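Colleague: Could you have a look at this structure, given as structure tokens, before my questions?
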Amino acid sequence: MDWTSIGIGCIKAAITKLKEIKEVKALNSEINIQTNADLVSNKAILNFLKNKKVKCNVFSEEEKDTLKVNGGNANTVFVIDPIDNTLFFLRGEITFCSVALMIIIDGLPKYSFVGDISNDNIYHCDEKSAYKNAEGREVAKVKTPDGKIRYFGEDGLIAISLPKTEKAEALTLYPVNKGLYFKDSSDNKGTGRR
């Protein structure tokens, strides 16, 4: 399966639906606030996966349980944050908001995607490189003493790849010029602003 096309398609579907929303409403008053926009984005991603007949398990910030899409597949897992920085989105400050997802294959994260809601740019990385709008980036690939590989481009630090022994998060995307961060799935604290 072409996971890059699937990931980009999920992000585009979510951003398209988010732009159709007339009014954003808070659905709870918790610290991790949820809005109607979070649910719209989540549904757009799930519908895209269903329509493309992707068999996968999905962990979403908007769902209490693991979802099994098209029958599920424990070897193909999508981790989704339908709107990163929901509080900013609720206030209309979309410059700091993104749609983020990671694809984990056979227990190892392989692809990560971040869609900038304010300008439709989609950043993603795989085990080879980092990309902006599906075009390869001029990136410097640096391996640090602790085994992490960092990719630097014109937008600053745009990707981190952890050693393959790390199962929780190998590909994490950071278009830092906009303040967009992908949630750190290994400690569930998250590094992005909500």
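Residues are listed down the side, and each one gets a yes or a no for (1) assigned to a strand (DSSP E or B); (2) farther than 12 Å from Ile8 by Cα; (3) modelled with pLDDT of 75 or more; (4) out of contact with any strand residue (DSSP E or B) (no Cβ under 8 Å at 6 or more places or on another chain):
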residue	(1), (2), (3), (4)
Asp120	no, no, yes, yes
Tyr123	yes, no, yes, no
Asp146	no, yes, no, yes
Arg150	yes, yes, no, no
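Colleague: Under the condition of being among the aliphatic types (A, V, I, L, M) and at pLDDT 95 or above, which residue from segment 7-36 is surrounded by the most Cβ atoms within 10 Å (Cβ to Cβ)?
Modeller: The qualifying residue surrounded by the most Cβ atoms within 10 Å (Cβ to Cβ) is Ala14.
Colleague: Mind checking which residues of segment 77-91 are in contact (Cβ under 8 Å) with a residue 12 or more places away in the chain and out of contact with any strand residue (DSSP E or B) (no Cβ under 8 Å at 6 or more places or on another chain)? Quick ask: steps written out before the conclusion?
Modeller: Initial filter on segment 77-91 (in contact (Cβ under 8 Å) with a residue 12 or more places away in the chain): 77-90.
Those that are in contact (Cβ under 8 Å) with a residue 12 or more places away in the chain and out of contact with any strand residue (DSSP E or B) (no Cβ under 8 Å at 6 or more places or on another chain): Leu87, Phe88.
Colleague: Do you know which residues across segment 105-121 are surrounded by fewer than 24 Cβ atoms within 10 Å (Cβ to Cβ) and β-branched (Val, Ile, Thr)?
Modeller: Ile105
Colleague: Go through segment 85-100 and count every residue that is crowded, with 20+ Cβ neighbours inside 10 Å and within 16 Å of Thr16 (Cα to Cα).
Modeller: Within segment 85-100, residues that are crowded, with 20+ Cβ neighbours inside 10 Å and within 16 Å of Thr16 (Cα to Cα) number 5.
The values are calculated or read from the model by the stated rules, or taken from the named source; none is laboratory data. The structure displayed is predicted, hence computed values, not measured ones. In this analysis, Cβ positions are derived from the backbone assuming ideal geometry, glycine residues included, and neighbour counts consider all displayed protein chains.
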